[in-house]
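Colleague: Okay, handing you the structure first.
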Amino acid sequence: MAYVIPIPRVASVPVKGGSAGDEFPVHRIYCVGRNYVDHAIEMGHTGRETPFFFMKPADAVLPVVEGQVGAMHYPSLTKSLHHEVELVVAIGKGGRDIPAASAMEHVWGYAVGLDMTRRDLQNDMKKQGRPWCIGKGFDEAAPIGAVVSVANCSVSPDTRIELRVNGEVRQTSTIGKLIWSIPEIIEQMSQAWELAPGDLIFTGTPEGVAAVVAGDTLSARIDGVGSLELNIIGG
Ligand code: MN
């Protein structure tokens with residue numbers, strides 16, 4: 001057997017706190033929509049509804065090593081590139097129909113991520129009842145900081161999540177404000193797909209989403225997990 005074209009590279013994200021050179025390989029990227037009440041409201045919806053999910057391609061990850069400043073190209077076709085800072089759950093053990101009570105056994109670690117969104121295109125697709133892929137699943141649409149194992153970090157309801165743009169706070173909240181908790185997300189998601197090692201779950205963004213432009217610097221952090229610094233550069 002031989003592959004007839006070069007094998008696509010495996011997308012991966014550096015691991016913080018392990019051996020030098022450790023990487024977390026990415027299988028799929030799942031995202032949770034509208035998982036903070038005040039963000040659901042700013043998007044024109046009300047509080048708790050059944051969680052819904054969408055995906056980004058695995059190679060949409062744009063890993064940024066902590067202490068360095070990453071670079072994201074301003075994407076094509078949009079005039080409204082929005083930031084969404086999110087806690088990312090890294091799955092280490094797969095499964096289907098995982099009960100919430102044992103869901104945390106499947107979590108390998110966490111990272112801070114940005115669910116970058118071509119909001120104008122997403123809104124056009126919403127209006128027409130079409131898929132969100134062009135708004136959510138484009139190249140470099142998932143900047144992410146290092147993955148840190150559960151043993152090397154702490155995530156609690158009081159854990160602060162924050163995003164600054166050019167030094168100014170745009171989004172700030174706590175993980176306890178997630179409408180669907182991490183175990184509940186894993187329970188619901190694993191009924192729809194068999195989760196696998198290497199899956200990343202973007203758990204949703206708090207209120208304060210807004211547009212960025214080329215030249216902006218984004219600084220995302222989740223206390224006890226890590227930080228991510230990113231410049232938006234001309235397309
Ligand atoms: Mn999001």
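The values are calculated or read from the model by the stated rules, or taken from the named source; none is laboratory data. What you are looking at is a predicted structure, and each value in this text was computed from that prediction instead of being measured. Counting neighbours? That spans all protein chains shown, and the Cβs are built from the backbone with ideal geometry, glycine included. The accessibility values were calculated without ligands, DNA or RNA, using every heavy atom of the protein model including side chains. Shrake-Rupley method; radii C 1.70, N 1.55, O 1.52, S 1.80 Å.
Colleague: Once amide H atoms are built 1.01 Å from N in the peptide plane, which residues 5 or more positions from SER12, or in another chain, come under 5 Å H to H?
Modeller: So SER12 has HN proximity to VAL26.
Colleague: If I histogram all Cα-Cα distances within the range 1-128 using bins 5 Å wide from 0, what percent of pairs lands in each bin?
Modeller: Pairs per bin, as whole percents: 2, 7, 13, 20, 18, 16, 13, 8, 2, 1, 0.
Colleague: Keeping every protein chain present and rolling a 1.4 Å probe, give me the accessible area per residue for the chain in Å².
Modeller: Details: 10710 Å² over 235 residues.
Ligands and nucleic acids excluded, the result is 46 Å² per residue.
Colleague: Keeping every protein chain in place, order ASP120, ASP139 by accessible area at 1.4 Å, biggest value first, i.e. largest first. Mind dumping the intermediate values first?
Modeller: On the way: ASP120 45, ASP139 125 Å².
Solvent-accessible surface, decreasing: ASP139, ASP120.
Colleague: Assign one of three labels to the range 109-235, namely rounded, prolate or oblate, based on the Cα gyration tensor with a ≥ b ≥ c the square roots of its eigenvalues; rounded applies when a/c is under 1.5, prolate when it is not and a/b is larger than b/c, and oblate otherwise. Don't skip to the answer; put the middle values down first.
Modeller: Values: a/c = 1.67, a/b = 1.11, b/c = 1.51.
In terms of gyration-tensor shape, oblate.
Colleague: I've got another one for you. Of LYS56/LYS79; LYS93/LYS127; LYS16/LYS177; LYS79/LYS177, which sit over 28 Å apart, Cα to Cα? Walk me through the numbers before you get to the answer.
Modeller: Working: LYS56/LYS79 20 Å; LYS93/LYS127 37 Å; LYS16/LYS177 26 Å; LYS79/LYS177 30 Å.
In this structure, LYS93/LYS127; LYS79/LYS177 exceed 28 Å between Cα atoms.
Colleague: Out of residues 5 or more away from GLY204 or on other chains, whose amide H comes under 5 Å of its own, with H placed 1.01 Å from N in the peptide plane?
Modeller: VAL32, LEU87
Colleague: While we're on this one: Expressed as a whole number of Å, what is the distance separating the alpha-carbon centroids of the range 166-186 and the range 3-20?
Modeller: If you average the Cα positions of each part, the centres end up 28 Å apart.
Colleague: For the chain, build the convex hull from the C-alpha positions and give me its volume per residue in Å³. Provide the component values of the computation, followed by the final result.
Modeller: Details: hull volume 34.3 nm³, N = 235.
Residue-normalised Cα hull volume stands at 146 Å³.
Colleague: Here is a follow-up. GNM, the chain, Cα, under 10 Å: largest mean-square fluctuation among ALA60, ALA146, ALA100?
Modeller: ALA100
Colleague: May I pose another question? Rounded to the nearest 500, what is the 222 nm mean residue ellipticity of the chain from helices alone, with -39500 (n - 2.57) per DSSP H run of 4+ residues and division by all residues? Can you show the working numbers first?
Modeller: Details: 4 runs with 31 residues, N = 235.
-3500 deg cm²/dmol, from helical runs alone.
Colleague: Per the 1.4 Å probe, what fraction of the accessible area of the range 50-148, in percent, lies on carbon and sulfur atoms? Don't skip to the answer; put the middle values down first.
Modeller: Working: 2230 of 4070 Å².
Whole-percent figure for carbon plus sulfur exposure: 55.
Colleague: Considering the dipole of the range 91-206 built from charges on the beta carbon (Lys and Arg +1, Asp and Glu -1) around the Cα centre, which of PRO131, ALA101, GLY145 is farthest to its positive end?
Modeller: In the range 91-206, that residue is PRO131.
Colleague: If you don't mind, another one. Radius of gyration and Dmax for the range 72-141's Cα atoms, expressed in Å?
Modeller: 15.8, 43
Colleague: Each residue of the range 193-203 in turn: what ³J(HN,Hα) in whole Hz from Karplus with 6.51, -1.76, 1.60 and θ = phi - 60°, glycine and Pro shown as x?
Modeller: 9, 7, 5, 9, x, x, 6, 10, 10, 7, 8
Colleague: I've got another one for you. Amide H neighbours of ALA141 under 5 Å, counting only residues 5+ apart in sequence or on other chains, H built in-plane at 1.01 Å?
Modeller: Close amide H contacts, sequence-distant or interchain: none at all.
Colleague: Which order do the peptides 86-93, 165-172 come out in when sorted by mean C-beta neighbours inside 10 angstrom, highest first? Please report the intermediate quantities before stating the final value.
Modeller: Working: 86-93: 23.0, 165-172: 14.0.
Per-residue mean Cβ counts within 10 Å order the peptides as 86-93, 165-172.
Colleague: A follow-up question, please. Springs between alpha-carbon pairs under 10 angstrom, Gaussian network model over the chain: which of ALA103, ALA71, ALA151 fluctuates most?
Modeller: ALA151
Colleague: One-quarter of the Cα convex hull surface for the range 172-211, in nm²?
Modeller: Details: hull surface 15.8 nm².
Computed as one quarter of the Cα hull surface, the answer is 3.9 nm².
Colleague: Another one. Taking Cα centroids, how far is the range 199-235 from the range 42-97 in Å?
Modeller: With the range 199-235 and the range 42-97 each reduced to a Cα centre, they are spaced 9 Å.
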